[in-house]
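The values are calculated or read from the model by the stated rules, or taken from the named source; none is laboratory data. Owing to the predicted nature of the structure, the values given are computational and were not obtained by experimental measurement. Note: ideal-geometry Cβ built from the backbone for every residue, glycine included; neighbour counts use all protein chains shown.
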Amino acid sequence: MSAERDSAVGEQVSDGGRKTAKAARTAAAAGPASAKKAAPARKTPAKKATAEKATAEKAAEKKATAEKATAKKSAGKKAAADKAAPARKPAAKKASARSAKKAAPAKSSAALKKAPAPRKQVVAPKKATASVPAAPAKTVAAHPQGESRTALVRRARRINRELAEVYPYAHPELDFENPFQLVVATVLSAQTTDLRVNQTTPALFAKYPAPEDLAAADPEEVEEILRPTGFFRAKTKSVIGLSKALVEQFGGEVPGRLEDLVKLPGVGRKTAFVVLGNAFGRPGITVDTHFQRLVRRWKWTDETDPDKIEAAVGALFPKSDWTDLSHHVIWHGRRICHARKPACGACPIAPLCPAYGEGETDPEKAKKLLKYEKAGQPGQRLKPPQAYLDAGGRPAPPLGAG
Ligand code: SF4
């Protein structure tokens, strides 16, 4: 936020400085001539002569005085002179005032313009480079103090590129085979883990494979199936209501538009973007609890409202990156950058992170904090993508098996 502000100020100050300097130069050039012409109009000839003698520009003043004297002799000329004088006076005053006012700001503008320079003297966190073996000695900016908008965009995109290398197999961690299953699973994932949802939905979709089936279901039977996910009564109400809406309003199909999705019972923007991004291939940012925590740690934004976070982070990346970016950030939050004890000492993006040191920095201790495939443990999906299995990932066990 500050970076944007600073950047904006810098441009204004920079432009203002140029304008000020230009105005000052113009006024300086016009000032003496204007003053010479304006002064005689207020003073008597005698006073004028005295004042003019005291100045270094005697010749010019005498000429002006002579012109005035001549003007008095001719009524026509006098009238012309009177008309000309008022016109010149305001101009002279205006120019003088402008030059006087702007002379000072020109200096302060220059000072302000130079002020951001120290921001570039970014120092990579010594702790990060020193204690993370995986991280090469990158002298990368890792602090956002006074970070320009351009630097922030570069740092954010670099973090995403690094995460793409760390999690090349990142994917939505809910099992689904079609948009209907994804939207139901996403609604069920509130207040519980994707693992628990994945362990629950096989029985649900085996009994109610289509929206028409779930729309006509006996709520008590659905509640029994959904019990392991917690809040099962409210979730039963949501998925049955959601299914009815799909049947009645969308012909039993999940709509592929945000404005339609958010009208469905239990579906907010987060759920809608998960569905759009992963079932329809339409870019979307998923601002879940991990996403919120990490982007604030990385100083990508200071916003706390999910919609504002979505807008702020979305502006740092091309739209085509949004869905994968969401996966990368959420995966990192689940495996390494935990809420309570981030594993900073085992974090591959430590040199880019302003929050390095918020968690465990000892590499050996940090390693023990890793989760899922990074720790050789099963993942959350019972049916993960092949790329995940190829990278050594393991499927999650079914409900009750572990
Ligand atoms: S684990 Fe530590 S170093 Fe890595 S992103 Fe999180 S806070 Fe930053």
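Between Ala203, Ala245, Ala234, the distinction of being in a helix (DSSP H, G or I) and surrounded by 18 or more Cβ atoms within 10 Å (Cβ to Cβ) belongs to Ala245 only.
Quick check: is even one residue across the stretch 274-293 surrounded by fewer than 18 Cβ atoms within 10 Å (Cβ to Cβ) and of a type in the set (A, V, I, L, M)? No: zero hits. Within the stretch 347-371, residues that are aromatic (Phe, Trp, Tyr) reach partners that are at pLDDT below 95 and not in a helix (DSSP H, G or I) with beta carbons closer than 8 Å, at six or more positions or on different chains, in the pairs Tyr356/Pro125; Tyr356/Ala142. Only one entry of Ala355, Ala366, Ala312, Ala396 meets the criterion of being closer than 26 Å to Asn178 by Cβ, small (Gly, Ala, Ser) and crowded, with 16+ Cβ neighbours inside 10 Å, and that entry is Ala396. Helices (runs of 4 or more DSSP H) fully within the stretch 264-318 that include at least 3 residues being within 19 Å of Ser148 (Cα to Cα): 289-297, 306-314.
When the stretch 258-288 is filtered for residues that are under 24 Å from the mean Cα position of the chain (by Cα) and of a type in the set (D, E, K, R), the ones remaining, listed by number, are Glu259, Arg269, Lys270, Arg282, Asp288. The condition (being of a type in the set (Asp, Glu), farther than 21 Å from Thr192 by Cβ and touching a Lys or Arg at 6+ places or on another chain (Cβ under 9 Å)) is satisfied by just one residue among Glu248, Glu253, Glu310, Glu259: Glu310.
When Leu188, Leu195, Leu163 are checked against the criterion of being buried (at least 22 other Cβ atoms within 10 Å of the Cβ), assigned by TED's automatic domain parsing to the domain that holds Gly379 and hydrophobic (A, V, I, L, M, F, W, C), Leu188 stands alone in meeting it.
Got at least one residue in the stretch 336-348 being within 16 Å of the ligand (Cβ to nearest atom), touching a Gly at 6+ places or on another chain (Cβ under 7 Å) and hydrophobic (A, V, I, L, M, F, W, C)? Checked against the condition, which is being within 16 Å of the ligand (Cβ to nearest atom), touching a Gly at 6+ places or on another chain (Cβ under 7 Å) and hydrophobic (A, V, I, L, M, F, W, C), the stretch 336-348 yields at least one hit. The requirement of being in a loop (DSSP other than H, G, I, E, B) and closer than 22 Å to His171 by Cβ is satisfied by Lys383.
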